[in-house]
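Working notes for the structure below.
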Amino acid sequence: MRDSETGRTGDAGKDAHRGPAGPHVPRSPLESAWRPASTLRSVVPADFEALYRLDQICFEPGIAYSREELARFLGIHTAEGIVAEEDGRIVGFVIGYLAARRVGHVVTLDVHPERRRQGIGKALIEKLLERFSRTGSRAARLEVSTENSTAIRFYESLGFRRRRRIPDYYGPGRDALEMIRHL
């Protein structure tokens with residue numbers, strides 16, 4: 001699994017979804033203006049190029065998915081894809097699928113660099129986990145770079161626990177942590 005909200009190399013992490021309308025206090029200097037909450041919806045075929053472009057922005061070469069890899073994940077018969085959209089623009093997405101033994105696998109979490117740490121990632125992950133649960137999944141798993149402590153803390157805050165280290169997952173010397181959450 002890869003994640004773009006925390007600055008990645010196979011890392012993950014997004015913030016809480018913005019609450020009801022009302023006065024907004026910027027959470028960080030990077031958030032200069034209030035923006036309406038994202039609308040979450042299912043991925044449709046017309047989204048493909050926007051998803052591919054966002055993935056290329058979010059991940060470094062060698063970690064970013066090729067068009068073929070992205071299409072393969074979206075083509076899995078149990079795939080779930082969810083986008084966060086603002087003013088007709090996709091600002092984030094998550095892809096996962098129901099794997100063997102009724103375990104949901106989070107493949108990637110991408111949030112545009114300008115929209116990170118504003119709750120979009122958390123909202124996307126929570127919606128995906130909800131869908132996994134509705135389809136009878138008993139747990140969800142993901143992989144995250146051992147170098148991305150921010151992403152690891154993010155996933156731990158959502159109830160994921162470290163399961164095992166996977167050597168060279170992202171290439172030589174670039175290990176991943178497999179994390180799991182029971183649903």
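Bear in mind these aren't lab numbers, they're just calculated from the coordinates by the rules spelled out. Since this is a predicted model, take the numbers as computed values, not measurements. Positions of Cβ are generated from backbone atoms using ideal geometry, with glycine treated the same way; all protein chains shown enter the neighbour counts.
Brief remarks follow.
- Scanning segment 46-97 for residues that are surrounded by fewer than 18 Cβ atoms within 10 Å (Cβ to Cβ), under 20 Å from L129 (Cβ atoms) and hydroxyl-bearing (S, T, Y) yields a single hit, T78.
- Top-ranked residue of segment 98-121 - restricted to ones that are surrounded by fewer than 21 Cβ atoms within 10 Å (Cβ to Cβ) and in a helix (DSSP H, G or I), ranked as nearest to the chain's Cα centre (by Cα): P113
- Scanning segment 143-183 for residues that are in a strand (DSSP E or B), farther than 18 Å from G121 by Cβ, free of Cβ contacts under 8 Å to residues at least 40 places away in the same chain and within 18 Å of the chain's Cα centre (by Cα) turns up R161, R162, E178.
- Among the residues making up segment 38-68, those that are among the acidic types (D, E), touching a residue at least 24 places away in the same chain (Cβ under 8 Å) and not in a loop (DSSP other than H, G, I, E, B) are D47, D55.
- Residues located in segment 76-113, provided they are closer than 12 Å to K127 by Cα and free of Cβ contacts under 8 Å to residues at least 40 places away in the same chain: G81, V94
- Within segment 132-173, the only residue that satisfies the criterion of being buried (at least 17 other Cβ atoms within 10 Å of the Cβ) and basic (K, R) is R141.
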